[in-house]
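The structure appears below as structure tokens.
What follows is calculated from the coordinates using simple rules that are stated; it is not laboratory data. No experiment lies behind these values; they were computed from the predicted model shown. Don't worry about glycine lacking a Cβ; one is built from the backbone with ideal geometry, like all the others, and counts go over all protein chains shown.
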């Protein structure tokens, strides 16, 4: 099975040959890969070298944490890549960003109003959790859509709080 | 629900009144009882005092380990107790003891032969596990029945090895 | 003399105090919120009583209920730990009034040091240098402050007199920013502390945050246990501390120690306490505030001096004289503490909640962990994000750093994100290795990506792992589809599920 | 000078050595059997190579394969740990012949000390007292031994010259028992070591097992790190060690230390090693054997002397001179080690295998754990039963005991039975508290039930817990019956199971 894997913007051709062999950009390496105790933490021995990584699943990416360094990765097989190429950069089209609570907490205050224009990096909302106030910022320029929470509200993890269109 | 609970030979009348109250020999105490992280280890707060116990299930008993001390316990409700009383001491009747491997291991040697008379405490078999040789003894007087293993055999945990009738 | 202590706290510090009690043969009473029923402090204590629901205001801040439990359980003393009620003079007074021993200083010392303006005044009178700023304990109006500000000079800090944890604090670069900064600082102070009084302090640039640990008994004996270096902070929260400070000289240590002892004597101090100072580039030092309680970072002092600070607190509260004299206190080797927080250093230190499904602690020579969590613990949004303290000792600073590196590399926590990668990056930074950092370093100059630049990367390893994970997911979901096609086997799955869920 | 070390071992000692390497900036190569794929030593090492299936004979004892891996991976040295190949002179020679550094003494020193009769002869010649018994290195016939036995006196011990771990050893009370004991000792020795040579030693009653830790460099410098008290044994396996020995006097310590240094010099010793002695009631001491390797119980010496023995071993192997002189070695406080074994002290110490489903380690001040397992580890029947070493330090012996009590009380291991209750009982026994014990104490006089007698019991608590557990089981099985009655809901269980098993 062949994949195109992008790590921090760099592409790798990775082929899973069999349970013990993988080719990376044409170079075959011996691998021994196991999840530790069925946890999302993985032990990889590759040509004798021992690595361990946490893997976090994003919406369409995987974050791989190795030795304190985080690698943003995207893995696609050929079919997926073709589909994406055909669809064009889908992200630019459906440009709505939903601000979801990254953790359970208390909304301290909403700093924007519906219809307000915001720039990438503007603070949208302050959420308190674990005795810390956290500023949640807009990842894009746009206009604030519907605001579904207000100061004093408790929110659950991943609850939608507002959108930027 | 009422139980007769025997701890190391001493009988207790224990009644489960509700989730927070238990009566022991007529004295009502407040209890808060939880298994820790769904493990067979239990946290009990009784009238404010905090205890923790490992509970090991035997065939017809529970072993309760509290602060390094092991308590052998038997819990019966009234129906069970009546049935047992009616049946008489059932143990004395069906007197066959099956020697099962207490752990996986290697049979070093079988020290008895089929048909041989043995006394309580006689060593029946030597089992090696974790680099230790362990003498397994007869818990009763009797005659050795069928021997199902011999020196050099690997055995699984709980595998029947021989019987004493 | 008391033989049972109630610990009015949770988490690692409750466990730390429990351990000291246990090793002194003293019984312990834990209190807990519903969220902490299975916490270690509840599991390890002799007795445990429920306070209330998870929010602190309904549980760990309920002073009256805690005193009631202490009286009911026959505890003779209350140890407040840090945070919650630890620096609440009214609570300390109520504990005393109930006939119980408060393991800490007198309500007078707490309240004197709790009002930052009063503390500054006392220190000045005792001959302790303070950070230049407004003097006296008057309530200054905005007008007065606008007049005083240029005399102090910019940049400066507006600080709430009742302050703590950076609340009601504003940095001001020029007179123009003053009015709105005053307004927002007062607003924040009012909502945090119930009063809006503020004062001004010069903002010292390039300064280090260095604190001196004090021990004082009921007989007026006061000693200090040397310094801790605490400059590595983010949003006024310490992240990593070390002892001794790489910036310290023997002469400065002696001067600061003497002054700290003087300061403690000035308020008739008793128990353990800390004098926090700023030290500028020219080794001038200024009193910042006194923490009238045990500090989070006390273990690094314990490791280099051999003194068990919590046991000493308990002995002092039991009316014993200090068993140590100043000349008994020596520094042996070096110690570092990394605060392990449930927060994501790759995403602006966002707190992370969840269930710790797998954890491996670093152990072995020279490593100490103080923690209240274990594999299986739920990290909730109700309390602060610190899940453990990783503390190492080494023969010297270099060895301590090498040991900390190996300990951080061993530490595994699955289920929440932690700031372990932050500490790993810090242990690799030249500035930290050289000991050349100040209080602004983490926020203004420390950049995880930048420091890692040029260091060994593992892009190819990441590529292999990501691909294998994705590949296994694909295989598995294909398998599930095939499985679902086989209706008849569902009963097998069911019985398997029932076995699993037993 | 080597910069990569292969560790030819598993479990806690492999992890211990890995840590020392890592803290010295040395890369590590782990080797493992299929049973250990997820073991900590594999997870923590720089490199890891599979040796073979679980049984030691097919994995950790494969010297040739290990040397091959060392060469392939570019490791410059091999650390054998203890057990397995650690005292195999032929292996040490092969390592040397392959151009690698063996982190341990010379093959000559290993083989001299490996033959107990030769070792006794060397020690006698070096002026080191040995336990009275047969002299010289001849092979004695049964006839000769029967003649020599009455001269030595009864009770005596028959011991295999190639002995170790109590194999080929028999206690004999009278001449009548001699012939059959000789026969069975020779048989056991033959099957364990491939040769049946034996010798006789007087059985010293009321003696203590005390050993002296040695460090020697390649330049003939030898120092000792004082003693460890190891009398608490069962079936010749140590269970609990302490340093210093409560039976030691300053004068005896000095004499034993000198003799140990002499002994090490007699075989041109290099690296860390241990001289094991018996000390009788009158403080006479006798050489028993020399262990030419790192000992399980080395950490207690580390805690009281401040010397990192494994790092010293590596430095010595790298050709450095000892950085410490005898006068630098001081004893600071007291340390105790409890070996935590997967065995059931309530059932004749029967080994216990299984899956560790929940574990909470004691941490905090003064506690060190050396271990290779974690929550989730499978304890297999293939290797020895030690799952961790719990080591504490205290200012003095009393404080160390109190600390060990609290650490044992905190330790939780679910999934296998452990001997923690044995250690807890020991920490309560008057004989241990008084330091009044000898090598026969555990087997002949220590009784868990007896020691607990008169102590506080919790029969009522046990009754409540047992009843609640039974009650919940009853309720749950009733619930399952009801649940199974509802056929229609099975699809719900199925989908839930599928979520669970994702």
Next item on the list: For segment C:1-143, take the alpha-carbon Rg, divide it by the Kirkwood Rh, and send me Rg/Rh.
Entry: 1.08
Check: With axes computed from alpha carbons, what is the tilt in degrees of helix D:63-73 against the longest principal axis of chain D, rounded to the nearest 10 within 0 to 90?
Finding: 80 degrees
Check: So what's the Cα pair-distance distribution over segment C:413-472, bin width 10 Å, in %?
Finding: 18, 37, 30, 12, 3
Margin query: Taking 51 Å as R0, compute the FRET efficiency from the Cβ-Cβ separation of residue C:320 and residue C:249 and round it to 0.05.
Written below: 0.90
Checklist line | nm² value of the averaged projected area, convex hull over the Cα atoms of segment A:2-87 | finding: 6.3 nm²
Next item on the list: Quick one: order D:3, D:425, C:439, D:249 by neighbouring beta-carbon count within 10 Å, fewest to most.
Entry: D:249, D:3, C:439, D:425
Checklist line | Cα→Cβ-extended label distance, 7 Å offset, between residue B:114 and residue C:258, nm | finding: 9.5 nm
Check: From largest to smallest, what semi-axes in whole angstrom does segment C:245-308 give when each is the square root of 5 times an eigenvalue of its alpha carbon gyration tensor?
Finding: 19, 16, 11
Next item on the list: Give me the Kirkwood hydrodynamic radius of segment C:342-422, using the inverse of the mean 1/r over all pairs of distinct Cα atoms, in Å to one decimal.
Entry: 13.3 Å
Margin query: Report the rotationally averaged projected area of segment C:132-202 based on its alpha-carbon convex hull, in square nanometres.
Written below: 4.0 nm²
Checklist line | Distances in nm from residue D:155 to the matching label points in the other copies, shortest first (labels 7 Å along Cα to Cβ) | finding: 7.9
Item checked: Cα pair count fraction exceeding 14 Å, expressed as % - segment C:197-258 -> 65 percent
Notebook entry, point to check: Three principal axis extents, largest first, for the C-alpha atoms of chain B, in Å?
Noted result: 55, 41, 21
Notebook entry, point to check: Shortest first and in nm to one decimal, what separations exist between residue C:251 and its copies in the other chains, measuring from label points 7 Å along the Cα-to-beta-carbon line?
Noted result: 5.2
Next item on the list: Treating the Cα atoms of segment D:208-453 as identical point scatterers in vacuum, please give the log10 of the normalised Debye intensity I(q)/I(0) at q = 0.09, 0.14 Å⁻¹, two decimals.
Entry: -0.39, -0.95
Check: What residue in chain B has the Cβ closest to the axis turning B into A, and how close is it in whole Å?
Finding: B:37, 7
Next item on the list: Report relative contact order for chain A in percent, whole number only (criteria: Cα-Cα under 8 Å, sequence separation at least 6).
Entry: 16 percent
Notebook entry, point to check: Distance from the Cα centre of segment B:1-60 to that of segment D:285-349, in angstrom?
Noted result: 44 Å
Next item on the list: Quick one: angle between helix C:11-23 and the longest Cα principal axis of chain C, in degrees between 0 and 90, rounded to 10, please.
Entry: 80 degrees
Check: Helix C:397-410 versus the longest principal axis of chain C: what is the Cα-based angle in degrees, 0 to 90, to the nearest 10?
Finding: 30 degrees
Notebook entry, point to check: Can you give the helix-only mean residue ellipticity at 222 nm for chain D, where every DSSP H stretch with n ≥ 4 adds -39500 (n - 2.57) and the sum goes over all residues, rounded to the nearest 500 deg cm²/dmol?
Noted result: -11500 deg cm²/dmol
Note to self: Test of understanding: express the Cα radius of gyration of segment C:161-225 as a ratio to 2.2 N^0.38 Å, with N the residue count.
What the structure shows: 1.55
Note to self: When only alpha-carbon atoms are used, what values of Rg and Dmax, in angstrom, describe chain C?
What the structure shows: 25.0, 87
Checklist line | Cα-based equivalent ellipsoid, segment C:1-60: semi-axes from gyration tensor eigenvalues, Å | finding: 20, 11, 9
Notebook entry, point to check: So what are the three principal axis dimensions of the protein assembly as shown from its Cα atoms, in whole Å, longest to shortest?
Noted result: 110, 79, 78
Next item on the list: Quick one: P(r) of segment D:147-274 from all Cα-Cα pairs, 5 Å bins, percents rounded to integers, in order of increasing distance.
Entry: 2, 10, 15, 15, 16, 18, 13, 8, 2, 0, 0
Notebook entry, point to check: Cα centroid distance between segment B:109-126 and segment A:135-165, in Å?
Noted result: 76 Å
Next item on the list: Give the dimensionless ratio obtained when the Cα radius of gyration of segment C:375-462 is divided by 2.2 N^0.38 Å.
Entry: 1.25
Next item on the list: Report the Stokes-Einstein translational diffusion coefficient (µm² s⁻¹, integer) for segment D:21-102, Rh taken as the Kirkwood radius over Cα pairs, at 4 °C with viscosity 1.567 mPa s.
Entry: 100 µm²/s
Item checked: Whole-Å semi-axes of the ellipsoid equivalent to segment B:97-164 (Cα gyration tensor, √5λ, descending) -> 19, 11, 10
Notebook entry, point to check: Can you sort C:302, B:63, D:337, D:58 by how many other beta carbons sit within 10 Å, fewest first?
Noted result: D:58, B:63, C:302, D:337
